[in-house]
1. Considering only residues that are among the β-branched types (Val, Ile, Thr) and closer than 23 Å to Phe143 by Cα, which ones fall in region 63-99?
2. Given the condition closer than 30 Å to Leu222 by Cβ, at pLDDT below 90 and touching a Ser or Thr at 6+ places or on another chain (Cβ under 8 Å), answer yes or no: does some residue in region 299-306 qualify?
3. Could you identify the single residue in Ile232, Ile252 that is surrounded by 18 or more Cβ atoms within 10 Å (Cβ to Cβ), within 25 Å of Val42 (Cα to Cα) and free of Cβ contacts under 8 Å to residues at least 60 places away in the same chain?
4. Given Val310, Val291, which one is closer than 27 Å to Met176 by Cα and touching a residue at least 60 places away in the same chain (Cβ under 8 Å)?
5. Just to be sure I understand the filter: pairs with C-beta atoms under 8 Å, separated by 6 or more residues or on different chains, first member in region 313-340 and free of Cβ contacts under 8 Å to residues at least 60 places away in the same chain, second member in a loop (DSSP other than H, G, I, E, B) and polar (S, T, N, Q). Which pairs pass?
6. In region 283-295, which residues are surrounded by 15 or more Cβ atoms within 10 Å (Cβ to Cβ) and under 27 Å from the mean Cα position of the chain (by Cα)?
7. Residue by residue through region 119-165, note down the ones that are in contact (Cβ under 8 Å) with a residue 40 or more places away in the chain and more than 17 Å from Ser97 (Cβ to Cβ).
8. Taking region 53-97 as the search range and keeping residues that are among the aliphatic types (A, V, I, L, M) and outside any helix (DSSP H, G or I), which one is nearest to Tyr311 (Cα to Cα)?
Amino acid sequence: MTIKRTPNRATSKEQFLNPRNESEGDIKLDRSLRPKTLQDYVGQLEIKRNLGYLIEAAKIRQEPLDHVLLHGPAGLGKTTLANIIGNEVGTQVRVTSGPALEKQGDIASIITNLKENDILFIDEIHRLKPIVEEILYSAMEDFAIDLVIGKGPAAKSMRLKLPRFTLVGATTKVSMLSSPLRDRFGAVYRLQFYSVEEICEIVLRSADKLSVQLDRDAALLLAKSSRQTPRIANRLLKRVRDYAAVHAQTFIDAKLVKVCLEMLAIDELGLEEMDRMILTVIINKFRGGPVGLGSIAASTSDDEATIEDVYEPFLLQLGMIERTNRGRIATERAYHHLGFDLIH
């Protein structure tokens, strides 16, 4: 199938220049690109193997899976794996997130409506409030919750039995989980950044699902610019597809990808404008560091959490910065990449 130019669906310049913006259509499209089985899932080989044994053993024993905790940087496939677990087990996955559960009644109403062997997926589980987290302790261990009915001297405690379910938690900050909650997970897996070859295979697979024609060189260039993250690779592929559609291109080659990436201000290592700004601030304003995260945030007009959660993990992975007790330091590689003379 070729890409036809449709004026009504032409992508705006703003869409090109901000690949992190997600429309409702983008979110639905992201879901359609997600693999449904472990066999289709690319990368994370060790996790796939261990999950395969976990799922098969549970089927043999005809028991629910042990509770599973998935942690690692954003965009590496934690939500996808949670849904794959549900598909492999053949049960329903109920989805919620830590910030959405504000009081005990929120989590209690969800848990009590689960069916036998169902999976409850809690994204950003490290953001659960302590009062909500306490409900999960007995629910995970004893498949029961203790409710207090009434107030004062007339208050009564009642234990409510629950169906045997599996909790799958996802977090980018496993260190922020309390020990009692973390210890109740029977299987804990850390997702790693993907290799360029793995991302390339993901791009080719997604292109096939989107009926986009592109060669391997184009897919490889997208992979190198995707911050070793499948979510970003798929977003870049969609932006390149949009660019091709607007310019009536039916085939995507490396030359077209390069032009589109230049429009997006993404370089050959996958660094965006904000990444380069962070490195430039450390080198120019603070003589290479060490410098505190608060000072970097103030100098870049961004907040500390965004820098620490979104940008810093990839810069650390590339070896562009180092974290020390005194602050962040720009490495020799950062100087060379940005064309600065090394400060001695």
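1. Residues of region 63-99 that are among the β-branched types (Val, Ile, Thr), as a first pass: 68, 79-80, 84-85, 89, 91, 93, 95-96.
Val68, Ile85, Val89, Thr91, Val93, Val95, Thr96 - these are the residues of region 63-99 that are among the β-branched types (Val, Ile, Thr) and closer than 23 Å to Phe143 by Cα.
2. no
3. Numbers: Ile232 fails: free of Cβ contacts under 8 Å to residues at least 60 places away in the same chain.
From the options Ile232, Ile252, the qualifying one is Ile252.
4. Values: Val291 fails: touching a residue at least 60 places away in the same chain (Cβ under 8 Å).
Selected residue: Val310, the only one of Val310, Val291 that is closer than 27 Å to Met176 by Cα and touching a residue at least 60 places away in the same chain (Cβ under 8 Å).
5. Pairs that qualify, where the first residue is free of Cβ contacts under 8 Å to residues at least 60 places away in the same chain and the partner is in a loop (DSSP other than H, G, I, E, B) and polar (S, T, N, Q), are Gly319/Thr331; Met320/Thr331; Ile321/Thr331; Glu322/Thr331.
6. Of region 283-295, the ones surrounded by 15 or more Cβ atoms within 10 Å (Cβ to Cβ) are 283, 286, 288-291, 293, 295.
Once the filter is applied, which keeps residues that are surrounded by 15 or more Cβ atoms within 10 Å (Cβ to Cβ) and under 27 Å from the mean Cα position of the chain (by Cα), region 283-295 yields Leu293, Ser295.
7. Tyr137, Met140, Glu141, Leu160, Leu162, Pro163, Arg164, Phe165
8. Ala74
The values are calculated or read from the model by the stated rules, or taken from the named source; none is laboratory data. Treat the numbers as computed from the prediction; the structure is a model and nothing was measured. Note: ideal-geometry Cβ built from the backbone for every residue, glycine included; neighbour counts use all protein chains shown.
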